[in-house]
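See below for the structure under consideration.
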2 protein chains.
Amino acid sequence: MAGKIVNGVNVDALAETIEAIKKDPEIAAFKFRVKNTWRNGTQNHATIQGFYGAKEEHPDRKARLDYDIDEPPVLMGEDKGPNPVEFLLVGLSGCITTAFVANAAARGIVIHSLEAELEGDLDIRGFLDLDKDVPPGYKEIRFRFTIDADATEEELQELAQYARDHSPVASTIMRATPVTVSLAGR
Amino acid sequence: MAGKIVNGVNVDALAETIEAIKKDPEIAAFKFRVKNTWRNGTQNHATIQGFYGAKEEHPDRKARLDYDIDEPPVLMGEDKGPNPVEFLLVGLSGCITTAFVANAAARGIVIHSLEAELEGDLDIRGFLDLDKDVPPGYKEIRFRFTIDADATEEELQELAQYARDHSPVASTIMRATPVTVSLAGR
């Protein structure tokens with residue numbers, strides 16, 4: 001597709017997408033899906049399924065779509081894959097990064113390099129139900145950028161906050177998103 | 001390690017871990033870490049780092065630890081990997097599954113098979129800042145189990161809710177967890 005490219009983002013196509021959504025907001029409705037099969041103990045296997053978006057199903061993907069999940073030995077697993085809370089950080093790392101890169105492109109800010117380091121604090125007393133005051137999830141997640149870009153420090157600081165606030169994964173984590181659970185056929 | 005095994009979970013070792021944490025809660029403090037390197041456009045690469053837990057660093061892992069992240073073409077990427085919100089579902093799928101399996105084991109409920117299907121609704125008008133009333137993240141995530149286990153339907157229903165409420169990833173999503181963002185060296 002022709003168009004002006006900044007940071008590998010086609011900003012003309014992005015602007016066209018925004019105009020199309022303004023005319024027909026239904027284009028913006030997406031559904032993402034994952035299937036998980038338990039193997040044994042803390043080992044299970046996730047496969048990413050086709051998704052719905054822009055008013056149609058997208059069953060075919062080129063991406064690698066199957067992932068082993070486990071716990072390390074200290075958490076009673078065999079380390080056959082990262083653990084679930086590590087996969088959450090993988091998603092968060094990509095999401096704030098892409099939000100930063102895309103919004104920088106839209107503002108004409110050229111990025112030369114960008115890295116991020118994430119760390120989250122988790123107290124497993126919550127999972128083990130040993131203290132009602134300790135939540136099972138992360139207490140806090142810290143995201144630190146190292147950026148080389150053609151912008152002032154003030155612009156980069158503002159853009160980093162904007163990227164967090166508009167990142168779908170960060171928003172899901174920060175906004176108390178409902179997770180419903182049910183049994184099939186019931 | 002010797003011990004009674006249910007669903008692949010060593011329930012004696014689990015009980016010992018709980019007793020050890022009751023005596024020394026510092027054992028329960030973990031830090032998980034991910035590093036992300038931007039490549040181009042919506043493509044970036046996450047590597048899972050060593051973690052801290054049970055009062056020491058764990059730098060060595062056997063698990064596969066590096067993951068490509070991208071967007072599909074309809075979201076302006078080249079499908080070099082799943083997208084960030086799909087990785088979030090991968091983590092959630094494994095977390096509620098393991099919480100279910102471990103708590104079933106602790107209760108002596110034998111599971112023969114367990115699968116889960118997850119679906120989340122996302123309206124990209126939030127990411128694109130087109131409507132202040134539309135959050136950038138998932139509006140809702142649905143998790144549906146298919147279970148064959150030696151338990152009544154009531155037990156399985158209750159355990160499914162318990163697993164969600166004690167899953168670290170589900171708790172992180174449902175509890176409005178803070179995500180801080182900063183620039184290195186500032």
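Data table
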item: Binned Cα-Cα distances of the stretch B:9-62, short to long, each 5 Å bin given as a whole percent; result: 5, 15, 16, 16, 17, 11, 7, 6, 5, 2
item: Rg to Rh quotient for chain A, alpha carbon positions, Kirkwood Rh; result: 1.00
item: Folded to 0 to 90 degrees: helix A:153-166 orientation relative to chain A principal axis, Cα; result: 60 degrees
item: Most mobile of B:Phe100, B:Phe32, B:Phe145 in a GNM of chain B (Cα contacts under 10 Å); result: B:Phe32
item: 222 nm mean residue ellipticity, helices alone, for chain B (DSSP H n ≥ 4; -39,500 (n - 2.57); rounded to 500); result: -10000 deg cm²/dmol
item: Kirkwood estimate for the protein assembly as shown, i.e. one over the average of 1/r between Cα atoms, Å; result: 20.9 Å
item: Rounded to the nearest 20 debye, dipole of the stretch A:83-177 from Cβ charges on Lys, Arg, Asp, Glu; result: 360 debye
item: Protein heavy-atom accessible area occluded, B/A pair - total, 1.4 Å probe, Å²; result: 11500 Å²
item: At 1.567 mPa s and 4 °C, Stokes diffusion of the stretch B:33-81 via Kirkwood alpha-carbon radius, µm² per second; result: 106 µm²/s
item: Where labels lie 7 Å past Cα in the beta-carbon direction, separation of B:Ala20 and A:Gln157 in nm; result: 4.4 nm
item: Mean separation of Cα contacts under 8 Å, 6 or more apart, over the residue count of chain A: relative contact order %; result: 15 percent
item: Listed residues B:Arg125, A:Arg64 arranged by accessible area, highest first, probe 1.4 Å; result: A:Arg64, B:Arg125
item: Net charge contributed by nearby residues that have their C-beta within less than 14 Å of B:Arg107 (K/R +1, D/E -1); result: -4
item: Cut-off 11 Å between beta-carbons: net charge of the residues surrounding B:Ile96, Lys and Arg +1, Asp and Glu -1; result: +1
item: Translational diffusion coefficient (Stokes-Einstein; Kirkwood radius from C-alpha pairs) of the stretch A:83-177 at 20 °C, 1.002 mPa s, in µm²/s; result: 147 µm²/s
item: Amide H contacts of A:Arg39 (H built 1.01 Å from N, under 5 Å, at least 5 apart or other chain); result: A:Asn44, A:His45
item: Table column - 3J(HN,Hα) (Hz), the stretch B:55-68, Karplus curve with 6.51, -1.76, 1.60, x for Gly and Pro; result: 6, 8, 7, 10, x, 9, 10, 8, 5, 5, 10, 10, 9, 7
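The values are calculated or read from the model by the stated rules, or taken from the named source; none is laboratory data. From a predicted model like this one, the values you see are computed outputs, not experimental measurements. Cβ atoms come from the backbone with ideal geometry, glycine included; neighbour counts cover every protein chain shown. Accessible surface is based on the protein model in full, side chains and every heavy atom, while ligands, DNA and RNA are left aside. Shrake-Rupley method; radii C 1.70, N 1.55, O 1.52, S 1.80 Å.
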